[in-house]
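Reviewing the structure listed below.
The values are calculated or read from the model by the stated rules, or taken from the named source; none is laboratory data. It should be emphasised that the depicted structure is a prediction, and the values quoted were computed from it without experimental measurement. So basically every Cβ, Gly included, is an ideal-geometry build from the backbone, and we count neighbours across all protein chains shown. Keep in mind that these areas ignore ligands, DNA and RNA; they rest on the heavy atoms of the full protein, side chains included. Shrake-Rupley method; radii C 1.70, N 1.55, O 1.52, S 1.80 Å.
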Amino acid sequence: MLGRETGGVDLDNLPGDELLKVVVEPRDSEGHSFKAPGCLQIYALEVTPQGLKTPLCMWDISADKLQESWKSGLLSVGYTLALPWKVLPIYENVRIIVRFTTPDQRAYEAERDIKVRLVPGALQRRPEMHPETMPAPTYEAAPLPLPMTSSWRFEPGPTPAPHATQWQPVAFDAIGGPQPVTPATRVTIGTPSPLD
């Protein structure tokens, strides 16, 4: 779960939030916070006025660094991280998504929408990263390495004999039950003719 203190942080007393504070609170089945081991991935997505979400920043937090960030206070108990923006947001609405992975590879996700105070001139600092032209992230598996020499070769096998079809035409009687096709029940489709 993402804590209530998750949001932008201004430490330099200048306009705008130059940091992102993320508070992650692992909880047990009874809703109590506890210091669970694991590593963390944090994603920040900008939300445009039209509602489009574009990738902004991503942080990988190792298990050691995550354990060092544990804090227990009056307002929140959990992992508390202050992260400088890799790319400054140009829209105040940001979605934060965290993926917590335990040592046995179980993954848990949480997300929260926040509002940040924009740093003046953020757009001019990243003209090549404008959200309308920023590509969406792709998640592709790494290609498998191919051997330098291959022992595979094509050996043609015998051509299978054609099988007789098991499909047989079936006619239906007046109550919908199947009956054998006979010359009397066979139907022939003729040439189409216009209706008057």
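Tabulated data
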item	result
Qualifying residue in region 29-41 (condition: at pLDDT 95 or above, closer than 24 Å to ALA122 by Cα and either under 26 Å from the mean Cα position of the chain (by Cα) or not in a strand (DSSP E or B) (or both))	no
Residue in region 45-60 that is in contact (Cβ under 8 Å) with a residue 60 or more places away in the chain and basic (Lys, Arg) present	no
Filter result (closer than 20 Å to ALA36 by Cα and acidic (Asp, Glu)) within region 68-102	GLU68
Only listed residue being modelled with pLDDT under 95, touching a Phe, Trp or Tyr at 6+ places or on another chain (Cβ under 9 Å) and among the hydrophobic types (A, V, I, L, M, F, W, C), chosen from VAL98, VAL77	VAL77
Answer residue from region 45-67, given it is open to solvent by less than 20 Å² (accessible area, probe 1.4 Å) and hydroxyl-bearing (Ser, Thr, Tyr) and is nearest to the chain's Cα centre (by Cα) among those	THR54
Single residue of region 68-89 satisfying the filter (open to solvent by 30 Å² or more (accessible area, probe 1.4 Å), part of a loop (DSSP other than H, G, I, E, B) and of a type in the set (A, V, I, L, M, F, W, C)) that is nearest to LEU19 (Cα to Cα)	LEU88
Meets criteria (among the basic types (Lys, Arg), surrounded by fewer than 16 Cβ atoms within 10 Å (Cβ to Cβ) and part of a strand (DSSP E or B)) for ARG95	yes
Among (1) surrounded by 15 or more Cβ atoms within 10 Å (Cβ to Cβ); (2) on the phi < 0 side of the Ramachandran plot; (3) assigned to a loop (DSSP other than H, G, I, E, B); (4) not aromatic (Phe, Trp, Tyr) - the single one ASP12 does not satisfy	(1)
Test result for LYS65, more than 24 Å from ARG125 (Cα to Cα) and either modelled with pLDDT under 95 or of a type in the set (Asp, Glu) (or both)	no
